[in-house]
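Structure below; questions to follow.
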Amino acid sequence: MARDSLLPFALPDIGEEEEREVLEALRSGWITTGPKTKAFEQQFAERVGAKHAIAVNSCTAALHLSLEAIGVSEGDEVITSPYTFAASAEVIRHSGARPVFVDVDPITFNIDPALVAKAVTPRTRAIIAIDIAGLPADLDAIGAIAREHGVRVVEDAAHAFPTRYHGRMVGSISDFTCFSFYATKTIATGEGGMITTDDDDAANRCRVLSLHGIGRDAWKRQNADRPWFYEIVAPGYKYNLTDIASALGLAQLRRADAMWRRRREIAERYNDALRDVAALQIPADSPDAQHAWHLYMLRVQPAQLTIGRAEFIQELRRRNIATSVHFIPLHLHPYYRETYGYAPDDFPIAVAQYEREISLPIHTRMSDADVEDVIEAVTAIVHAHRRDATGAAASARA
Ligand SMILES: *Cc1c(COP(=O)(O)O)cnc(C)c1O
């Protein structure tokens, strides 16, 4: 039996606490970067165990500033995975450097450290490792390669809050960690991001570059002897986060663990229901990690089904279940194909996994009944389109 209303793929979870915080910001008279942002930065740094947290208006800005703080520029190379969103690689271009893709691990979708090691050249300045779905990349191996070659690690943790790797919070491990608070992410401020780092100089540089390269921000100027005075020390950017957004962030941060537990509960229910379905592959997890479960990346086994991934998604939509696909590998997109001459089979694992992937809804505004609707729809579609052992369509026997 199909649902009578569409289950959204993702929804922000905004309640009374968020409303109260935002109202307080609105009524305070200080709506851009100010006391709420300072508090959000301090509490976020404490939560992940980082020395510094710099709030910015997106994870894309966070990634860009991290590369700028490292000093990545024209002629440099930055190694990353094609299995990611646009942001992870476009920032490499913003810094004038060349994105060097390497393929992923077929189980986790995360960058393969052995291939990273082979891709390092004298021009390599940084490695951008993405924690896909909220499962951390192989940070020990990547960190060791980076130290060996004197390059820095920028972790794209857009999916990875709250996440642990060998007991440590993501945000306290890599040279730079970049988080996203985009509307669909695990904590949401509409648009927003955070850089965490233990490097004092880099933190200062990110902070200065986030607001026009001005030495001190407007809120701090309020308290100075000469509030009108400022100095431009670099051609910076306009990447600061507003206090309206930070107000949302403060409330979301307080609820982050409860929201994470609910997402984990949904993931475990999906896993239990779908683990033994031969036509499906449930997402990877790791005993060494705390998975954030930002995404539930299911894979179909095409050989076991008479329909492809696209038809599977259409069938789910017909049953009022919205889904998504993560990710169309970057090297398949016209810009990267045409600029760097990449061909689809340059990264065969990324392409093979992409072609089988369907992201199921996993968010805290889903009820238990919604979760069961998804399971019922997925299993019904598998049942209706199963291929038997001889390769014939199950329905052909009927
Ligand atoms: C969402 C996302 C980003 C960008 O986040 P914004 O805050 O929207 O800039 C970067 N990397 C990955 C992997 C993402 O999913």
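The values are calculated or read from the model by the stated rules, or taken from the named source; none is laboratory data. Because the structure is a prediction, the values reported are computed rather than measured. Counting neighbours? That spans all protein chains shown, and the Cβs are built from the backbone with ideal geometry, glycine included.
Which condition breaks for residue 65 when tested against (1) out of contact with any strand residue (DSSP E or B) (no Cβ under 8 Å at 6 or more places or on another chain); (2) within 25 Å of residue 117 (Cα to Cα)?
Only one criterion is unmet by residue 65, namely (1).
Looking at 202, 160 in this structure, which one is within 12 Å of the ligand (Cβ to nearest atom) and modelled with pLDDT of 95 or more? Talk me through it step by step, then tell me what you get.
Numbers: 202 fails: within 12 Å of the ligand (Cβ to nearest atom).
Of the residues listed, the single one that is within 12 Å of the ligand (Cβ to nearest atom) and modelled with pLDDT of 95 or more is 160.
Any residue in the range 106-123 that is in a strand (DSSP E or B), over 21 Å from residue 54 (Cβ atoms), touching a residue at least 60 places away in the same chain (Cβ under 8 Å) and not basic (Lys, Arg)? Let's see the steps before the verdict.
So the first thing to find is which residues in the range 106-123 are in a strand (DSSP E or B), and the list is 111.
Applying the additional criterion that residues be over 21 Å from residue 54 (Cβ atoms) yields 111.
Those left that are additionally touching a residue at least 60 places away in the same chain (Cβ under 8 Å): none.
Checked against the condition, which is being in a strand (DSSP E or B), over 21 Å from residue 54 (Cβ atoms), touching a residue at least 60 places away in the same chain (Cβ under 8 Å) and not basic (Lys, Arg), the range 106-123 yields no hits at all.
Only one residue in 173, 128, 195 is crowded, with 24+ Cβ neighbours inside 10 Å and more than 13 Å from the ligand (Cβ to nearest atom). Which one? Give the derivation first.
Details: 128 fails: more than 13 Å from the ligand (Cβ to nearest atom); 195 fails: more than 13 Å from the ligand (Cβ to nearest atom).
Exactly one of 173, 128, 195 is crowded, with 24+ Cβ neighbours inside 10 Å and more than 13 Å from the ligand (Cβ to nearest atom), namely 173.
All but one of (1) within 16 Å of the ligand (Cβ to nearest atom); (2) buried (at least 19 other Cβ atoms within 10 Å of the Cβ) hold for residue 90, so report the exception by its number.
Tallying (1) within 16 Å of the ligand (Cβ to nearest atom); (2) buried (at least 19 other Cβ atoms within 10 Å of the Cβ), residue 90 fails exactly one: (2).
From the residues in the range 150-185 that are of a type in the set (A, V, I, L, M) and in a loop (DSSP other than H, G, I, E, B), which one is nearest to residue 135 (Cα to Cα)?
Initial filter on the range 150-185 (of a type in the set (A, V, I, L, M)): 151, 153-154, 157-158, 160, 169-170, 173, 183.
Checking the rest, the ones that are also in a loop (DSSP other than H, G, I, E, B) come to 151, 157-158, 160, 170, 173, 183.
Details: 151: 23, 157: 9, 158: 11, 160: 7, 170: 10, 173: 14, 183: 20 Å.
For the range 150-185, the residue satisfying everything is 160.
State all residues of the range 283-307 that are hydroxyl-bearing (Ser, Thr, Tyr), away from the ligand (no atom under 16 Å from the Cβ) and touching a helix residue (DSSP H, G or I) at 6+ places or on another chain (Cβ under 8 Å); if no residue qualifies, say none. Break it down stepwise before answering.
Quick first cut of the range 283-307, residues hydroxyl-bearing (Ser, Thr, Tyr) only: 286, 296, 306.
So of that shortlist, the ones also away from the ligand (no atom under 16 Å from the Cβ) come out as 286, 306.
Passing the criteria: only 306.
For the range 50-86, which residues satisfy the criterion of being away from the ligand (no atom under 16 Å from the Cβ), in a loop (DSSP other than H, G, I, E, B) and touching a residue at least 24 places away in the same chain (Cβ under 8 Å)?
Taking the range 50-86 first, the residues away from the ligand (no atom under 16 Å from the Cβ) are 50-52, 69-77.
If we keep only those that are in a loop (DSSP other than H, G, I, E, B) as well, we get 50-51, 71-76.
Passing the criteria: 50, 51, 71, 72, 73, 75, 76.
Would you confirm whether or not the range 356-371 contains a residue that is crowded, with 20+ Cβ neighbours inside 10 Å and closer than 19 Å to residue 81 by Cβ?
yes
Okay, next question. Kindly indicate whether residue 140 is away from the ligand (no atom under 16 Å from the Cβ), among the charged types (D, E, K, R) and under 25 Å from residue 201 (Cα atoms). Please lay out each step first, then the result.
On the way: away from the ligand (no atom under 16 Å from the Cβ): yes; among the charged types (D, E, K, R): yes; under 25 Å from residue 201 (Cα atoms): yes.
Considered against the rule, which asks whether it is away from the ligand (no atom under 16 Å from the Cβ), among the charged types (D, E, K, R) and under 25 Å from residue 201 (Cα atoms), residue 140 comes out as yes.
Quick grid of which residues meet (1) out of contact with any Gly (no Cβ under 6 Å at 6 or more places or on another chain); (2) modelled with pLDDT of 95 or more:
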position	(1), (2)
226	yes, no
232	no, no
235	no, no
239	yes, yes
256	yes, yes
277	yes, yes
305	yes, yes
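Looking at the range 333-370, which of its residues are within 30 Å of residue 268 (Cβ to Cβ) and among the basic types (Lys, Arg)?
Correct list: 356, 365.
Could you pull out the residue among 65, 26, 6, 11 that is among the aliphatic types (A, V, I, L, M) and crowded, with 22+ Cβ neighbours inside 10 Å?
On the way: 26 fails: crowded, with 22+ Cβ neighbours inside 10 Å; 6 fails: crowded, with 22+ Cβ neighbours inside 10 Å; 11 fails: crowded, with 22+ Cβ neighbours inside 10 Å.
From the options 65, 26, 6, 11, the qualifying one is 65.
Residue under question is residue 158, and the condition is that it be under 14 Å from the mean Cα position of the chain (by Cα) and crowded, with 23+ Cβ neighbours inside 10 Å; does it hold?
Against the criterion (under 14 Å from the mean Cα position of the chain (by Cα) and crowded, with 23+ Cβ neighbours inside 10 Å), residue 158 qualifies.
While we're on this one: (1) in contact (Cβ under 8 Å) with a residue 12 or more places away in the chain; (2) exposed (fewer than 15 other Cβ atoms within 10 Å of the Cβ): which one isn't true of residue 336, the others all being true?
Going through the list (1) in contact (Cβ under 8 Å) with a residue 12 or more places away in the chain; (2) exposed (fewer than 15 other Cβ atoms within 10 Å of the Cβ), residue 336 breaks only (2).
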